[in-house]
Every structure is written in structure tokens, then in C-alpha cells.
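The values are calculated or read from the model by the stated rules, or taken from the named source; none is laboratory data. Treat the numbers as computed from the prediction; the structure is a model and nothing was measured. Note: ideal-geometry Cβ built from the backbone for every residue, glycine included; neighbour counts use all protein chains shown. All accessible areas refer to the heavy atoms of the entire protein, side chains included, with ligands and DNA or RNA removed. Shrake-Rupley method; radii C 1.70, N 1.55, O 1.52, S 1.80 Å.
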Amino acid sequence: MEKFDKLTGIAAPMPLVNIDTDMIIPKVFLKTIKRTGLGVNLFDEMRYDRQGNEIPDFVLNKPAYREAQIIVAGDNFGCGSSREHAPWALADFGIKAVISTSFADIFYSNCFKNGMLPIILPKEQVEILMKDAEKGANARMDIDLEAQTVTASDGEVFHFEVDAFRKHCLMEGLDDIGLTMERVANIDTFEAQAAQARPWV
Amino acid sequence: MSPKTLYDKIWDAHVVHQADDGTCLLYIDRHLVHEVTSPQAFEGLRMTGRKVRAPEKTIAVPDHNVPTTLDRAKGIENEESRIQVEALDKNAKDFGLHYYPVSDVRQGIVHIVGPEQGWTLPGMTVVCGDSHTATHGAFGALAHGIGTSEVEHVLATQTLIQKKSKNMKVEITGKLSPGVTAKDITMSVIGKTGTGGGTGYVIEYCGEAIRDLSMEGRMTVCNMAIEGGARAGLIAPDQKTFDYVKGRPHAPKGAQWEAALAWWKTLYSDDDAHWDQVITLRGEDIEPVVTWGTSPEDVLPITATVPEPDSFTGGKVDAVQRAIAYMGLTPGQKLTDIEIDTVFIGSCTNGRIEDLRAAAAILKGKKIKDGLRAMVVPGSGLVRAQAEEEGLAQIFQDAGFEWRLAGCSMCLAMNPDQLAEGERCASTSNRNFEGRQGYKGRTHLVSPAMAAAAAVTGRLTDVREMQ
Ligand code: SF4
């Protein structure tokens, strides 16, 4: 997995609340058996018309935001299904961090498995960053995972919380399965005990 | 010992290892797999040379992409869908999983097949690469959806890295009024808490109205816990649960049954257990409800009117404006004046036998409105067979419904069952997101009885007027 450390990038404002996984990647694109190549279909129904032409008003189609690496979003981003195609599509487009007041549980966890950082901040701070993002390509935000800070283009610094284990894995690009495999003895022991205690399982 | 919630008890019984920061390795008793969220996980196993650690605890069934038309034996037309189902066929075979292929009468929606076959039992941890795994919580199993990376993690290690969620109690007191169902309970709860209200929590549903529900109804309630943002929904097992489980193909038998039962009977929240949040609704206050917007929290009693965007606050004002425009409605319009073109009865929320009975009870001796498209998609081949035996299939067909084979179908429209642009559907599924049932399709979520009532009148209808 790619490591995440520091990021300086353009942030796209998406103030809509409850942006769900069907909006992020509509189900017609879930038929793939690969993880890659979903970026062109990110936000497909908001981004293109039925003929496949770009809708100029959509934020990621605007010249200022085509290279965005950060999204600042309304509450409850990523709600809906468990599809990891949502973070895959975001990552494939080039998004490395999403900032919101809240995320849906499964989406939040899926981000970390794909080298992407979801950042939770209080409402007032997300509003400030939303305004900052609206300034366009000249307003670059800095994200420092080690220091757990987001710095707006005018230098204002916001501190965010992140689970220590998840932070460690993201910074080191660690693969969860590899880590768990190191605990295989614990799993063996548990399985043996459980087979005694609950043999019907 | 300090008092525990049901969630605490199941959690504690499954911790393989706990790190200093509280991150746990949790053992997974049942892993359910479908074709959409698993191919990349199996590919990952192959690339790293890993095996499935516990194939005997892993159950696979194709559901999202499968055609539900009667001629489906001729194969899947859409190439990508076919490839996905074929990939599952191959992965199930190569890795030695329990498998219910499309041709098997037991095939159906993964969340219906699991309980039906007795794979889902009280006190278990159950996961699936699918958010509606919450359904299995109806048995007092800790069940939740996971992403594909986690699917791979569970396949390889039979564990999941997890931090414990908070405990929320949702109590529904008293009795339900006539015409009010499990679907109305679960939607009313989301209407109250919002789609983000459950984030960070595991919900336990309790109270007289929940106890009174059948297992099917309880599954409907837990199914939509995820729509409220919760990690999982739970209901403590009781005699109804045990009766439902007993005799199922993979339920324990003989001495093991007795041992299992003894443990299951300890699975309830202790009286003085700690709750991080408590929500109470009076059963008597719950009405038949319907969604008007594009989020499951956009829910109102059927007697209400489409809301004014200005009656909301914050970011929701824009969202409501957008939703009302998308849905083609006018603020102030009566919900019962909304005309529909399509009725869909099915999904893991409402595709079980009891749901079909409730709909058929309304439809008996009636016809659907002229020009309306209506379909019933049973949740599994066995539900379908039972409905035929009980004569329900005949009632649906006489009324003008299409009687389909099992699958997810128009719940998410990955197969050819889709709404056309602008079409409006009364649906027993769980999500009314933009485009969920087809590009620019419009979804109103309702209970099976309400869907049947709408099919007869051609508009959203208060089922109480038809009973
Ligand atoms: S019926 Fe709908 S919600 Fe249930 S598993 Fe299938 S697609 Fe998901």
C-alpha cells in the first residue's frame, strides 16, 4: 500500500450533505473484477450527461479542480453501501484525503486500506476550509499526517484526531493482512478454545 | 462481574487479541460472500499465495447480478455481470467454499440465504462485503458489512481488526397499530435519528413492539440499521429465535443443540448495563411511513405532505431542494397524491415469506392499476417455492404482478431490472438514493403492504384505508 505522509494539494469543495456511495461510484461500474481504472467514473452521474459529455458546472470538471487531491465535503460523506469501489474510484482519480464533519463507518475504514486519509473536523472548521477550497487552484491546503494538521491556504492550522494504529499503518504503508499473519499463533489458540466452548459454530 | 450489554457479551467472546490502544483482532464465525465485492479479494489471495483459512465457515452465493426472469437458465447476457458471477463460481470451487450457484433452488439474496440455511446463529460474529449484513443481527449475532480489503483479510485470517463501537439502545414500547409493520418501525427510527445518527454505534433494538415481531420482521428492522449509520443492529435472541433456527440444515443438532441453547439464553443485555445513548419510540405513535426524498432519513407518515426546504437547517436545505427537484415533487403536495409507475416487492429488507404474505393479503381479489409495472422478486428460491405452495404466487399473478426468480433485482438495479429515467417506484427495498433503481429513477421506500396498496391505486396510499 502507498504511504501517506505529507500532502500539499488543491481541495475541491462539495458542500452537499450525505454524499452516498451510489453518487461516488454508481453501481454500473461495480461490475469490474479489478481495483483500478474507476477514476474516470468517479461521481459519474453528477459529472457527465447521458451522452458522456462533461457537465461543466460539476466541481471536478472545472479547470481549477481537475487536479484536486483533496475533497472538502458536507456531513456524513460516504454513507450507503460497503463498496470499496468508492475509495478505489477516489484514489484512482487522484484524491488522497477527504475532509468532513463525519463519515459513514465502513467508508471511513475502507479509506485507510487504500492509502487515503479521511479527516474529521468540527463544523466551524470544515466551513472555513470549505470557503478556502472555493478559492480554487491558488488555494493549496497542506495536510501533515505525522503532526495531524491541516493548514489552510492563509496559514491557519487545524488539528485533527486519528486512531494511532491506523495512522501508523498509513504512514508506513503497512498491509493489514501481513500484520495479522504475525498473530497466527493467537488465532490458532483462539480457534482451539472456541472449538471446545462452542463446538456448533 | 460488571453488567454487560448483548454487544459486549458477543464481542468479549470473540476477541483473539487486544492491543494497548484497544484495537482488537476479532474472530469471525461466518463469512458470507457475494459476487460484487469479492473478486478483488480472491485476486489478492492468489497474488500473495494465501489460502482461505476457514472455507467451512465461508458461504458464497451470487445475487446482485443474476437475472430474475424465468429464462435465466439461458445465462447472463451482460458480459461484465456474467464475468463477475463466473468469477464467484470459480473462486468458490478453487477455495472450497459452501456455494449456492444460480441453478440451486436455495440460491437467493445472501442475507436471506444465511438465516434460511441456519448459517446465522445467535452469538455469532457474521460479516459480508455488503452493508446490509446488519440483517443477521435479528438473531442476536454481531453482523456487519465490510469492504473488499477486509473481505480479503477475513478470507486469509478469519479475523477482522476492529475497535469497539459505542452502545445505543433503541426501545420501541407498547403495541403497533393496525397497518404498521417492522418496516415502518425501522424507517421511523431513521427519520428520528437521521442517516448519520447511528455512526459509531451498535444499536440494540428492544421493547415490547420488537419482542412482538416475528423473526422476519426483526430482520427487516436490523437490515436498515445501516441506513441509520450504525455499525450493526442487534436483537436479543428469545424463544422465537430458537424456534426459527431449530431444524435448519446448518443449525446444531442433538447434544450440541442443547449446549448452544444454554449459551444463547445468556445473550441479553444486563439490567444495569451502560448505554452511551438511549432512544425511545412509542409503538402507538408509529404510523405507516414513506420516503419522499433521496435519503432514507427523508421519511414521513403517509398522511403528511412534501416538506418545505426552508423548514430544514444547515446543509440540509440544499439537499432537500435537490431531493425535491430530483423526485419531481412540489412542497405542500399530499404524499397520497403522488402517482407511481412501478411497484417493486423484494430485497433483503422485505423479500421473505411474511413480506409476501402481507402484500398478498392486500392484493387478494384485486387488480393492479392499469398500465402499472409491478413485480415480486422473492428473496430466495425457497421463499419462492413456499409462496407458490401457499397460493401467494397465484394472488400476485392474478393481480397483475410479475412473479420472478430470486435475486437483488431492482433493489439496486445491477441486473436488467431497472427504472427508466423519471419513472417512479413504490419499493420495499432500503435505499432511495439518486439513481439507485436506475438512472434518474425515483424511489419511495415503503412496507410490503403499502407497496401492494400503491399497486392497486396507482399512487402512494395509506394501507389502513384498504384493510
Ligand atoms: S437486496 Fe439490495 S440491499 Fe440487499 S444485498 Fe441485494 S442489493 Fe444489497
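Go through the range A:1-28 and report how many residues are over 18 Å from the mean Cα position of the chain (by Cα) and open to solvent by less than 70 Å² (accessible area, probe 1.4 Å). Give the derivation first.
At the first step, the residues of the range A:1-28 found to be over 18 Å from the mean Cα position of the chain (by Cα) are A:27-28.
If we keep only those that are open to solvent by less than 70 Å² (accessible area, probe 1.4 Å) as well, we get A:27.
Going through the range A:1-28 one residue at a time, the tally reaches 1.
I'd like the full set of residues that are more than 30 Å from residue B:120 (Cβ to Cβ), small (Gly, Ala, Ser) and more than 9 Å from every other protein chain (Cβ to nearest Cβ), limited to the range A:164-201.
Within the range A:164-201, just A:173 meets the criteria.
Take the range B:193-202 and flag every residue that is outside any loop (DSSP other than H, G, I, E, B) and either open to solvent by less than 10 Å² (accessible area, probe 1.4 Å) or modelled with pLDDT under 95 (or both).
Just the residues of the range B:193-202 that are outside any loop (DSSP other than H, G, I, E, B), to begin with: B:193, B:201-202.
If the condition is that a residue be outside any loop (DSSP other than H, G, I, E, B) and either open to solvent by less than 10 Å² (accessible area, probe 1.4 Å) or modelled with pLDDT under 95 (or both), then B:193, B:202 are the ones that fit.
Report the residue count in the range A:1-42 for those that are in contact with a strand residue (DSSP E or B) (Cβ under 9 Å, 6 or more places away or on another chain) and within 21 Å of residue A:105 (Cβ to Cβ).
Residues flagged as in contact with a strand residue (DSSP E or B) (Cβ under 9 Å, 6 or more places away or on another chain) and within 21 Å of residue A:105 (Cβ to Cβ) within the range A:1-42 amount to 9.
Can you tell me which residues in the range B:14-42 are within 8 Å of chain A (Cβ to nearest Cβ) and small (Gly, Ala, Ser)?
Of everything in the range B:14-42, just one residue is within 8 Å of chain A (Cβ to nearest Cβ) and small (Gly, Ala, Ser), namely B:19.
Do we find that residue B:281 is under 29 Å from residue B:317 (Cα atoms) and outside any loop (DSSP other than H, G, I, E, B) in this structure? Give the steps one after another, and end with the answer.
Details: under 29 Å from residue B:317 (Cα atoms): yes; outside any loop (DSSP other than H, G, I, E, B): yes.
Yes, satisfied.
Could you check how many residues of the range A:31-64 are touching a Pro at 6+ places or on another chain (Cβ under 6 Å) and either open to solvent by less than 20 Å² (accessible area, probe 1.4 Å) or assigned to a loop (DSSP other than H, G, I, E, B) (or both)?
Of the residues in the range A:31-64, the ones touching a Pro at 6+ places or on another chain (Cβ under 6 Å) are A:33, A:44-45.
Still in the list and also either open to solvent by less than 20 Å² (accessible area, probe 1.4 Å) or assigned to a loop (DSSP other than H, G, I, E, B) (or both): A:33.
Number of matching residues: 1.
I'm trying to understand the selection: among the residues of the range B:228-264, which are part of a helix (DSSP H, G or I), open to solvent by 10 Å² or more (accessible area, probe 1.4 Å) and within 12 Å of chain A (Cβ to nearest Cβ)?
If the condition is that a residue be part of a helix (DSSP H, G or I), open to solvent by 10 Å² or more (accessible area, probe 1.4 Å) and within 12 Å of chain A (Cβ to nearest Cβ), then B:254, B:255, B:256, B:257, B:258, B:259, B:261, B:262, B:263 are the ones that fit.
So which residues in the range A:83-103 are in a strand (DSSP E or B) and either surrounded by fewer than 24 Cβ atoms within 10 Å (Cβ to Cβ) or not polar (S, T, N, Q) (or both)? Walk me through it before giving the result.
Pass one, the range A:83-103, residues in a strand (DSSP E or B): A:97-100, A:103.
A:97, A:98, A:99, A:103, listed by residue number.
Can residue A:180 be described as open to solvent by 70 Å² or more (accessible area, probe 1.4 Å), hydroxyl-bearing (Ser, Thr, Tyr) and outside any loop (DSSP other than H, G, I, E, B)?
Working: open to solvent by 70 Å² or more (accessible area, probe 1.4 Å): no; hydroxyl-bearing (Ser, Thr, Tyr): yes; outside any loop (DSSP other than H, G, I, E, B): yes.
In short, no.
This table checks each residue for (1) more than 16 Å from the ligand (Cβ to nearest atom); (2) within 25 Å of the chain's Cα centre (by Cα).
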residue: B:13; (1), (2): yes, no
residue: B:24; (1), (2): yes, no
residue: B:32; (1), (2): no, yes
residue: B:35; (1), (2): no, yes
residue: B:70; (1), (2): yes, yes
residue: B:83; (1), (2): yes, no
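Which condition breaks for residue B:362 when tested against (1) away from the ligand (no atom under 16 Å from the Cβ); (2) not in a helix (DSSP H, G or I)?
Exception for residue B:362: condition (2).
Residues in the range B:145-192 that are β-branched (Val, Ile, Thr) and either within 14 Å of another protein chain (Cβ to nearest Cβ) or in a loop (DSSP other than H, G, I, E, B) (or both): how many?
If we filter the range B:145-192 for residues that are β-branched (Val, Ile, Thr), which is where we start, we get B:146, B:148, B:151, B:154, B:157, B:159, B:161, B:170, B:172-173, B:180-181, B:185-186, B:189-190.
Adding the requirement that they be either within 14 Å of another protein chain (Cβ to nearest Cβ) or in a loop (DSSP other than H, G, I, E, B) (or both) leaves B:146, B:148, B:151, B:154, B:157, B:159, B:161, B:180-181, B:190.
The total comes to 10.
Counting residues that are under 16 Å from the mean Cα position of the chain (by Cα), which strands (runs of 3 or more DSSP E) fully inside the range A:109-164 reach at least 2? Working first, answer last.
Numbers: elements: A:117-120, A:140-144, A:149-151, A:157-159.
Filter on the range A:109-164 gives A:117-120, A:140-144.
Of all residues in the range A:65-82, count the ones that are surrounded by 16 or more Cβ atoms within 10 Å (Cβ to Cβ), more than 22 Å from residue B:316 (Cα to Cα) and away from chain B (no Cβ under 11 Å).
Looking only at that region, the number is 4.
Going by what's in this entry, would residue B:418 be described as under 29 Å from residue B:77 (Cβ atoms), within 11 Å of another protein chain (Cβ to nearest Cβ) and out of contact with any Gly (no Cβ under 9 Å at 6 or more places or on another chain)?
Working: under 29 Å from residue B:77 (Cβ atoms): yes; within 11 Å of another protein chain (Cβ to nearest Cβ): yes; out of contact with any Gly (no Cβ under 9 Å at 6 or more places or on another chain): no.
The answer is no for residue B:418.
Residue B:130 fails exactly one of the following numbered conditions: (1) open to solvent by 10 Å² or more (accessible area, probe 1.4 Å); (2) more than 8 Å from chain A (Cβ to nearest Cβ); (3) under 17 Å from residue B:409 (Cβ atoms). What is the number of that condition?
With respect to (1) open to solvent by 10 Å² or more (accessible area, probe 1.4 Å); (2) more than 8 Å from chain A (Cβ to nearest Cβ); (3) under 17 Å from residue B:409 (Cβ atoms), residue B:130 is out only on (2).
Tally time: how many residues in the range B:245-284 are under 18 Å from residue B:210 (Cα atoms) and free of Cβ contacts under 8 Å to residues at least 40 places away in the same chain?
Number satisfying all stated conditions: 1.
Restricting attention to the range B:50-95, which residues are open to solvent by 80 Å² or more (accessible area, probe 1.4 Å), within 12 Å of chain A (Cβ to nearest Cβ) and out of contact with any strand residue (DSSP E or B) (no Cβ under 9 Å at 6 or more places or on another chain)?
B:51, B:79, B:80, B:82, B:86, B:90
Could you tell me whether residue A:115 is within 14 Å of chain B (Cβ to nearest Cβ), in contact (Cβ under 8 Å) with a residue 60 or more places away in the chain and surrounded by fewer than 20 Cβ atoms within 10 Å (Cβ to Cβ)?
Working: within 14 Å of chain B (Cβ to nearest Cβ): yes; in contact (Cβ under 8 Å) with a residue 60 or more places away in the chain: yes; surrounded by fewer than 20 Cβ atoms within 10 Å (Cβ to Cβ): yes.
Criteria met by residue A:115.
Would you mention how many residues in the range B:289-331 are in a loop (DSSP other than H, G, I, E, B) and more than 14 Å from chain A (Cβ to nearest Cβ)? Steps first, please.
Start the filter on the range B:289-331 by keeping residues that are in a loop (DSSP other than H, G, I, E, B), which leaves B:292-298, B:302-304, B:306-308, B:312-315, B:328-331.
This time we only want the ones that are more than 14 Å from chain A (Cβ to nearest Cβ), so: B:292, B:302-304, B:306-308, B:328-331.
The number of residues fulfilling the criteria is 11.
All but one of (1) under 19 Å from residue B:153 (Cβ atoms); (2) away from the ligand (no atom under 13 Å from the Cβ) hold for residue B:130; which doesn't?
(2)
Residues of the range A:6-30 being assigned to a strand (DSSP E or B) and within 11 Å of chain B (Cβ to nearest Cβ), which ones? Walk me through it before giving the result.
Start the filter on the range A:6-30 by keeping residues that are assigned to a strand (DSSP E or B), which leaves A:6-14, A:20.
Across the range A:6-30, the qualifying residues are A:14, A:20.
Among the residues of the range B:291-301, is any at pLDDT 95 or above, hydroxyl-bearing (Ser, Thr, Tyr) and open to solvent by 40 Å² or more (accessible area, probe 1.4 Å)?
Looking for residues that are at pLDDT 95 or above, hydroxyl-bearing (Ser, Thr, Tyr) and open to solvent by 40 Å² or more (accessible area, probe 1.4 Å), one finds none in the range B:291-301, hence no.
Considering only the range B:332-342, state which residues are touching a Cys at 6+ places or on another chain (Cβ under 7 Å) and either assigned to a strand (DSSP E or B) or open to solvent by less than 10 Å² (accessible area, probe 1.4 Å) (or both).
B:342
Being more than 14 Å from the ligand (Cβ to nearest atom) and under 25 Å from residue B:190 (Cβ atoms) is true for just one of B:402, B:434. Which residue is that? If you could, list the steps in order and put the result at the bottom.
Working: B:402 fails: under 25 Å from residue B:190 (Cβ atoms).
B:434 is the lone residue from the list that is more than 14 Å from the ligand (Cβ to nearest atom) and under 25 Å from residue B:190 (Cβ atoms).
Among (1) out of contact with any Leu (no Cβ under 7 Å at 6 or more places or on another chain); (2) in contact (Cβ under 8 Å) with a residue 60 or more places away in the chain; (3) more than 16 Å from the ligand (Cβ to nearest atom), there is one condition residue B:446 misses while meeting the rest; what is its number?
For residue B:446, the failing item is (3).
Restricting to the range B:133-162, name every residue that is within 24 Å of residue B:268 (Cβ to Cβ) and either more than 16 Å from the ligand (Cβ to nearest atom) or over 13 Å from the mean Cα position of the chain (by Cα) (or both).
Within the range B:133-162, the subset within 24 Å of residue B:268 (Cβ to Cβ) is B:133-144, B:162.
Scanning the range B:133-162 gives B:139, B:140, B:141, B:142, B:162.
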